[in-house]
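The values are calculated or read from the model by the stated rules, or taken from the named source; none is laboratory data. What you are looking at is a predicted structure, and each value in this text was computed from that prediction instead of being measured. Cβ placement follows ideal geometry from the backbone for every residue including glycine, while neighbour counts extend to all protein chains displayed.
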Amino acid sequence: MQYNITQAQLGVRPNVLIPSSKVYEELRETGIRKMVSDHYDLLVQSEIKNLFPPTPELVEIAKKNAADFFVQICGGEPHFSKNRGAPKMGMRHAPFKITQNARKIWLQTYKEVLRKQDISEEAKQSFWNYLDIFSIWMMNSAE
Ligand code: HEM
């Protein structure tokens, strides 16, 4: 397993491959929701906690919206489009200052959660590769 963090350049959006269908087959909706929830629990204690909602109630809403997206992108029900509309992820992240360093911390906290998932190496690698590349799209600020 390679938890690579690709060197990124602000404003350059590399092509991204959506996660393998194995991710959804192995984690299902429940597993994806739990993984996203665990990721937020780390984010709100991290060096970039100021980017994320300040109260447990708001964090619950953030977890739901993020999980809706990850379920959808992994091939499950299109909850995000139904509840929030077009994904437009770059645009949705525009209000937040997302630097290379913020991306790195976001990915590192995801790694902590992903490495504990009881799924195949292939599913894990595919999901990681998706996060590594797509997170570059969210970068919008210099350090
Ligand atoms: C694979 C990369 C990423 C995906 C798929 C993703 C997905 C999402 C989704 C679906 C939302 C909810 C948007 C809405 O409902 O309007 C969201 C919100 C947010 N994301 Fe990301 N994100 C990614 C990377 C990042 C990174 C790298 C950061 C910062 C380091 C970040 C910070 C935020 C913040 C601050 C919010 C708003 C608060 C919240 O709802 O949590 N995201 N993200």
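Yes or no: Ile61 in contact (Cβ under 8 Å) with a residue 12 or more places away in the chain and either more than 14 Å from Trp106 (Cα to Cα) or of a type in the set (Gly, Ala, Ser) (or both)? Judged against the criteria, Ile61 is not a match.
With respect to Leu43, is the statement that it is in contact (Cβ under 8 Å) with a residue 24 or more places away in the chain and touching a Leu at 6+ places or on another chain (Cβ under 7 Å) true? Here the answer is no, as Leu43 does not meet what is asked. Among the residues of the range 24-72, just one is more than 22 Å from Lys88 (Cβ to Cβ), among the small types (Gly, Ala, Ser) and near the ligand (Cβ under 10 Å from one of its atoms), namely Ser46. Taking residues in the range 98-124 that are closer than 21 Å to Ala8 by Cα and modelled with pLDDT of 95 or more, and partners anywhere that are in a loop (DSSP other than H, G, I, E, B) and of a type in the set (Phe, Trp, Tyr), the pairs with Cβ atoms closer than 7 Å and at least 6 places apart or on different chains are Lys111/Tyr3.
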